[in-house]
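For reference, the structure is listed below as structure tokens.
The values are calculated or read from the model by the stated rules, or taken from the named source; none is laboratory data. From a predicted model like this one, the values you see are computed outputs, not experimental measurements. Here Cβ is always computed from backbone atoms with ideal geometry, including for glycine, and neighbour counts include all displayed protein chains. These area figures cover heavy atoms from the full protein model, side chains too; ligands, DNA and RNA do not enter into them. Shrake-Rupley method; radii C 1.70, N 1.55, O 1.52, S 1.80 Å.
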Amino acid sequence: MTSARTRARMVARLREEGIRDETVLAAMNAVPRHIFVEESLASRAYENTPLPIGHGQTISQPWVVARMTELARQGKHLQNVLEIGSGSGYQTAVLALVADHVYTVERIGALVAKARRHLRELKLTNVAIKHGDGSAAMEEPLQFDAVVVTAGTSVLPEALLAHLNIGGRMVVPLATEGKSDTQRLTVIERTAGGFKEQTLDAVRFVPLLPGMA
Ligand code: SAH
């Protein structure tokens, strides 16, 4: 149930369900999702379903991870990527295979430790994990080709837009205020003249919360 064959079937399903970017599909095929979930759930790791990762949080379903990565790439090579919400580290690992460097921020200390352990197990050395509130302004003067927010919000984390390179994009599950069931994957691209926004797939993420835990 956790074999390469099971994973290849998951990738075939992703393809059927509209994921087109071969670089993303190759990364989904390479990352063993079962090491990111509790051992008792490992046999369900390749189903297209979100699963609990402890502390009230969930690892997103594979389709959503693939879709966000595809939207972050837009068919282009990524140098630096910022992820908000490391959780189990699964989306981080997928990003680490399609980008030169991933910087990921998680507000729950226990999950930072977990994600670090998982990423070390995969020997991914191009990832930096930070314990912090990723929706707040960043102290580091870093610029990114993509910012991937893996928690839902109705308030755009505007402070992060300044950290996008021109041509770079933020992918964020954005909802109408007070209605978390209206979340849509939203892509905000930084252009030479400003920002361009696109509203796409309906999704369901745990909330982006302020502060650290
Ligand atoms: N990408 C993760 C799934 C994350 S679930 C994976 O592949 O497993 C969303 C995560 O966002 C949770 O771990 C939650 O603690 C974290 N989170 C919520 N608000 C945050 C914030 N302001 N800063 C950083 N992390 C946050």
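Evaluated with a Cβ-only charge set (Lys, Arg +1; Asp, Glu -1), the chain carries a dipole of roughly 560 debye about its Cα centre, given to the nearest 20.
What full-extension length gain, to one decimal in nm, is calculated for S43 and A128 as 0.36 nm per residue of separation minus the Cα-Cα distance? Intermediate values should be presented prior to the final figure.
Values: separation 85, 0.36 × 85 = 30.60 nm, distance 2.89 nm.
Length gained between S43 and A128: 27.7 nm.
Of all beta bridges DSSP finds with both residues in the chain, what is the antiparallel percent, to the nearest 5? Once the DSSP bridges in the chain are tallied, antiparallel ones form about 45 percent.
Each label was represented as a point 7 Å from its Cα along the Cα-to-Cβ direction; for E17 and K196 these points are 2.8 nm apart.
Looking at the range 129-213, which GluC sites (Glu not before Pro) are DSSP coil and have at most 12 other C-beta atoms within 10 Å of their C-beta? Could you put the intermediate results ahead of the total?
Working: sites: E139, E158, E177, E189, E197; in loops: E139, E177.
Of the GluC sites (Glu not before Pro), the ones in loops of the range 129-213 whose Cβ has at most 12 other Cβ atoms within 10 Å are E139, E177.
Projecting the Cα positions of V112, G152, L122 onto the charge dipole of the chain (unit charges on Cβ atoms of Lys, Arg, Asp and Glu, taken about the Cα centre) puts L122 furthest along the positive direction.
Here's how it looks for L51: its modeled amide H is under 5 Å from those of I59, which are all 5 or more places away or on a different chain.
Per-residue accessible area (protein heavy atoms, 1.4 Å probe) orders S88, S40, S3, S60 as S40, S3, S60, S88, starting from the largest.
For the chain, build the charge dipole from Cβ charges (+1 Lys, Arg; -1 Asp, Glu) around the Cα centre, then report which of Q61, H163, V31 sits farthest towards its positive end. Farthest towards the positive pole: V31. Scanning residues 5 or more positions from A213 or on other chains, those with amide H under 5 Å from its amide H are I108, G109, with H placed 1.01 Å from N in the peptide plane. Database remark: amide H of G132 closer than 5 angstrom to the amide H of E106, R107 (H placed geometrically; neighbours at sequence offset of 5 or more, or on other chains; Pro and chain starts carry no H). Accessible surface computed residue by residue for the chain, with neighbouring protein chains in place and a 1.4 Å probe, gives 46 Å² per residue. Where the centre of each part is set by its Cα atoms, how far does the range 70-96 sit from the range 1-59, in angstrom? About 15 Å separates the Cα centre of the range 70-96 from the one of the range 1-59. Among the protein heavy atoms of the chain, carbon and sulfur supply 51% of the accessible surface, probe 1.4 Å, non-protein parts ignored. Karplus-based coupling profile of the range 43-57, in residue order and whole Hz: 5, 9, 4, 9, 6, 7, 8, x, 9, x, 10, x, 6, x, 10, with θ = phi - 60° in 6.51 cos²θ - 1.76 cosθ + 1.60 and x standing for Gly or Pro. Across the range 154-170, computed HN-Hα scalar couplings (Karplus, 6.51 cos²θ - 1.76 cosθ + 1.60, θ = phi - 60°) run 9, 10, 4, x, 4, 4, 7, 4, 5, 8, 8, 5, 4, x, x, 9, 9 Hz from first to last residue, x flagging Gly and Pro. Shown is the FRET efficiency for A30 and R117, computed with R0 = 25 Å from the Cβ-Cβ distance and rounded to the nearest 0.05: 0.85.
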